[in-house]
Structure formats: C-alpha cells, structure tokens
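Chemist: For reference, the structure I am asking about is given below.
Bear in mind that the values in this text are calculations on the coordinates, not laboratory data. Being a predicted model, the structure only gives us computed values, none of them experimental. Don't worry about glycine lacking a Cβ; one is built from the backbone with ideal geometry, like all the others, and counts go over all protein chains shown.
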Amino acid sequence: MVWKKVYSNSTVDERMLQWGVTLCSYALSFILPAWPMVVGVMIVVTADQITGIVASQDKMHSRGLRKGLKKMFQYFFGIIVAKVLDDLFIPIDAYPILYTIGGAICFTEAWSVYENISKSTGTDLNGVFRKFAKRFVDRKHLKK
C-alpha cells in the first residue's frame, strides 16, 4: 500500500487514528442528541417522496428523485447546523433553534404530502377539512 510506504512509522499511524477517532466522537456528540429530529424529518421527507411519486402518475424522472435526495441531505445538514447553533452559540433554553428549524421543515414537508395526496386522489382535502372543522365550530352543533 502507498500509505504504508510513505508513512511507515507506526506512531504517525496511531496518532492519526487517535485524531480521527477523537474528531468523529466529537462530531457524533453533536449529532446523536438530535437523532429524534433527524429521524422525524427523514420520515416526513420520505413520505413526501412517496406521495410525490404517486402523484406524478408515471411522469417520474431521475432529476426529480435526485432533487428529493438532495433536499433530504440539505435538511439533515440544516438540522445539524441548528443543533450546533443551539449548543454552542445560543445556549438559551427558552428558544430552541433545533426544534424551530425541525418544526418548520416538518410543516413544509407535511404540506407537500397534503398537496400530493390531493393531486393523486383528485379530492379537495381543503373542503374535507373545512367541513370537518365547521361541524365542531358551528354554534348550532355546540348548543345541542
């Protein structure tokens, strides 16, 4: 191996391994506390991808799938940056940046799922929700 020829000194290899393990463990110390948010966002993004594929009705292309995968990675890094900001730069418990960013991402993706379902089924989900809400808000219904 080229690595062994250039760096034959075992102490250099051991030192590099120690630094690598230290840096990885330090990075994981930020990522692991945010895993529930990462998993939640990934589930919602995956649901958006699936409903988007169904709503596309055989008009699917690799560009759209690539865009969705790129969006998933961008959301992941956005959550990691929010976690780092939350822990290092703005350590105020009253304003959790991680949950604000994660909630905004989840809301955006859930809205996209809602639109995809409306498009693929052809139903007006706005009308369905409006009727459902009207039933509980209507004063005549509450008086009975």
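Chemist: Give me the extension gain from Phe73 to Ala110: residue separation times 0.36 nm, minus the current Cα-Cα distance, reported in nm with one decimal.
Modeler: On the way: separation 37, 0.36 × 37 = 13.32 nm, distance 1.73 nm.
Extra length from Phe73 to Ala110 when fully extended: 11.6 nm.
Chemist: Further question: With each label point set 7 Å from Cα along the Cα-Cβ vector, what nm distance links Asn126 and Leu65?
Modeler: Each label point is offset 7 Å from its Cα along the Cβ direction, giving 3.3 nm.
Chemist: For segment 109-116, take each phi angle, set θ = phi - 60°, evaluate the Karplus expression 6.51 cos²θ - 1.76 cosθ + 1.60, and give the result in whole Hz per residue in order, putting x for glycine and proline.
Modeler: Result, rounded to whole Hz: 6, 5, 5, 5, 4, 4, 5, 5.
Chemist: Treat each spin label as a single point 7 Å out from the Cα along the C-beta direction, and report the Asp87 to Lys134 distance in nm.
Modeler: 5.0
Chemist: On to the next question. From the gyration tensor of the Cα coordinates in segment 34-143, what semi-axes in whole Å does the equivalent ellipsoid have, largest first, with each one equal to sqrt(5λ)?
Modeler: Numbers: eigenvalues 191, 127, 11 Å².
Over the Cα atoms of segment 34-143, the ellipsoid semi-axes are 31, 25, 7 Å.
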